[in-house]
1. Identify the single condition in (1) touching a residue at least 60 places away in the same chain (Cβ under 8 Å); (2) in a loop (DSSP other than H, G, I, E, B); (3) touching a Lys or Arg at 6+ places or on another chain (Cβ under 8 Å) that residue 270 does not satisfy, given that it satisfies every other one.
2. Whether any residue in segment 207-224 is without any contact (Cβ under 8 Å) to a residue 40 or more places away in the chain and acidic (Asp, Glu) is what I want to check.
3. Being more than 18 Å from residue 143 (Cα to Cα), assigned to a loop (DSSP other than H, G, I, E, B) and either in contact with an Asp or Glu (Cβ under 6 Å, 6 or more places away or on another chain) or not charged (D, E, K, R) (or both) narrows it down to one residue among 201, 189, 215, 206; which is it?
4. If we scan segment 237-253, do we find a residue that is in contact with a Leu (Cβ under 9 Å, 6 or more places away or on another chain), of a type in the set (A, V, I, L, M) and closer than 23 Å to residue 152 by Cβ?
5. Criterion first (of a type in the set (Asp, Glu) and closer than 23 Å to residue 138 by Cβ) does residue 231 satisfy it?
6. Does residue 280 fit the bill of being in a loop (DSSP other than H, G, I, E, B), farther than 25 Å from residue 166 by Cβ and either among the aliphatic types (A, V, I, L, M) or in the same structural domain as residue 158 (by TED's automatic domain parsing) (or both)?
7. Looking at segment 1-33, which of its residues are surrounded by 10 or more Cβ atoms within 10 Å (Cβ to Cβ) and assigned to a helix (DSSP H, G or I)?
Amino acid sequence: MPTKIEKDAVSGRETTGHEWDGLKELNNPLPSWWFWTFVATVVWSIGFCIVYPSWPSLHSYFPGLWGYSTRDGVTADVAALAAQRAAVLDTIKDVPIEQARQDPALMAVANTAGRIAFANNCQPCHGAGGAGRPGYPALASDRWIWGGTLSDIQTSITYGIRSGHAEARVSQMLRFGIDGVLKPEEIAAVADYVLTLYGKAPPSQASAKGQAIFAENCVACHGETGEGKREVGGPSLKGAVHLYGDTSAAIIAQVTNPRMGVMPNWNTRLDPATIKALALYVHALGGGEK
């Protein structure tokens, strides 16, 4: 049944037929300024969608009648920034890396360029300031798998670790558990011994058994006392910095089915001057060796 339309006795306006507690809703029209502003925004939005990129499609989007895009501007800005950085890095490009370290002016350039390159390329894995993350080496400590001299660091950055490059650093740990080289109880005994190297547990009968197994299977890469061997990429098992954790479970998992990370070779992505600046920056983080 249609609502009965009435007129308000005071204002003379028609009502909407709605009433609450004796209060009647008047059927007031929208203010003209509000109505025409609304119409203008609708017209503007239609025009905007026609002139500028707007509606997406399955494989692309409508580019708009004007073909407006900021992509070219961004590309130009990036190219200009790269040219500016290249001009700065030219000052260290042809200087031997050891000599650059002795020059305060060159080190200022290298630290700035290296810090920027590190933040853009290395920080997601190695953490801010080279603090490291689980599975990614800390670069601010004095624990180095392949060495921490300027030359060592530069080589690692240039060719990577297990990157597939012909000159990449490569090491491989046997899958002692998966391939049946050691039995589970033998791996557990090795873990007990490694925990003593970590300083996490005192020597025991189980660790003594693990030490004998370690001597037969692990010293070739990790050294007789777990000091590590850089020439083969065998990590040191002493100290407080460990890639995959320092618990018994973590050690057992690594011995059973080792995880071996990959670092890309940056010589295809970064120019030699930037790599040199990165090496100088990483060396200066606090763990660099002479």
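The values are calculated or read from the model by the stated rules, or taken from the named source; none is laboratory data. Because the structure is predicted, anything quoted here is derived from the model rather than measured. We place every Cβ from the backbone using ideal geometry, glycine too, and count neighbours over all the protein chains shown.
1. (3)
2. Yes, that holds for at least one residue.
3. 201
4. Yes: segment 237-253 contains one or more residues that are in contact with a Leu (Cβ under 9 Å, 6 or more places away or on another chain), of a type in the set (A, V, I, L, M) and closer than 23 Å to residue 152 by Cβ.
5. It is true that residue 231 is of a type in the set (Asp, Glu) and closer than 23 Å to residue 138 by Cβ.
6. When the stated conditions are applied, residue 280 does not pass them.
7. none
Rundown of residues vs (1) without any contact (Cβ under 8 Å) to a residue 24 or more places away in the chain; (2) among the hydroxyl-bearing types (Ser, Thr, Tyr); (3) within 18 Å of residue 282 (Cβ to Cβ); (4) out of contact with any strand residue (DSSP E or B) (no Cβ under 6 Å at 6 or more places or on another chain), yes/no style:
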| residue | (1), (2), (3), (4) |
| --- | --- |
| 29 | yes, no, no, yes |
| 36 | yes, no, no, yes |
| 49 | yes, no, no, yes |
| 60 | yes, yes, no, yes |
| 68 | yes, yes, no, yes |
| 88 | no, no, no, yes |
| 104 | yes, no, no, yes |
| 109 | no, no, yes, yes |
| 117 | no, no, yes, yes |
